[in-house]
Structure formats: C-alpha cells, structure tokens
Amino acid sequence: MIRALIVDDEPLARKALSRLLRLESDIDVVGECGDGARALALARSLRPDLLFLDIRMPERDGFEVVEALSGVSW
C-alpha cells in the first residue's frame, strides 16, 4: 500500500485529487493540508511514501518543502 499526502492551498483541488486517489486500491491518502509549513510537519509525522505538492503555497512552496525533506529517510 502506498501512503500519500496531498498538499495544496486550494481545498477544491485537494478534494478532487483525494477523490481520484481513493479510487486506486493501492493508494491510501493518509493526510491533507494547505500550506508548506504544515506539509513539513505532517510529512515528518505521517511518513508518507508519496507527496502530491502544489508549487505555489503559503508559508513554503512545494520546492522548499522538497528541499527541507531532502535527505530524510523514514
């Protein structure tokens, strides 16, 4: 099972992606959030296998989240 975290500052975009991913039997959406700072906290606590990151978000953008998580191993 692939554990996924959805990060997007637009609630409708998160909802749409979540709905699509829930149709996949091998993907478990373990969390959702709307900004980069919360994404870092959730990624560190939930330890997902896959991140769906929006590029432009409040607090930190998607690239900053990836940079902050580089080198992290679960």
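The values are calculated or read from the model by the stated rules, or taken from the named source; none is laboratory data. This structure is a prediction, so every number in the text was calculated from the model and none was measured. As a convention, Cβ positions derive from the backbone with ideal geometry for all residues, glycine included, and neighbour counts pool all protein chains shown. Surface areas here come from the heavy atoms of the whole protein model, side chains and all, with no ligands, DNA or RNA. Shrake-Rupley method; radii C 1.70, N 1.55, O 1.52, S 1.80 Å.
Filtering segment 44-74 to residues that are surrounded by 18 or more Cβ atoms within 10 Å (Cβ to Cβ), closer than 16 Å to Arg14 by Cα, under 11 Å from the mean Cα position of the chain (by Cα) and of a type in the set (A, V, I, L, M, F, W, C) leaves Phe52, Leu53. Quick check, is Glu32 modelled with pLDDT of 95 or more, open to solvent by 70 Å² or more (accessible area, probe 1.4 Å) and not in a loop (DSSP other than H, G, I, E, B)? Considered against the rule, which asks whether it is modelled with pLDDT of 95 or more, open to solvent by 70 Å² or more (accessible area, probe 1.4 Å) and not in a loop (DSSP other than H, G, I, E, B), Glu32 comes out as yes.
Scanning segment 38-48 for residues that are out of contact with any Gly (no Cβ under 9 Å at 6 or more places or on another chain) and part of a loop (DSSP other than H, G, I, E, B) turns up at least one hit. Looking only at residues in segment 1-29 that are more than 17 Å from Glu64 (Cα to Cα) and part of a loop (DSSP other than H, G, I, E, B), the one that is nearest to the chain's Cα centre (by Cα) is Glu10. Residue pairs whose Cβ atoms lie under 8 Å apart, sitting 6 or more positions apart in sequence or on different chains, and linking a residue in segment 7-32 that is over 15 Å from Leu53 (Cα atoms) to a partner that is in a loop (DSSP other than H, G, I, E, B), are Asp26/Met1; Ile27/Met1; Asp28/Met1.
Can you tell me which residues in segment 6-23 are open to solvent by less than 90 Å² (accessible area, probe 1.4 Å) and either among the polar types (S, T, N, Q) or out of contact with any helix residue (DSSP H, G or I) (no Cβ under 6 Å at 6 or more places or on another chain) (or both)?
Within segment 6-23, Asp9, Pro11, Ala13, Arg14, Ala16, Leu17, Ser18, Leu21 qualify.
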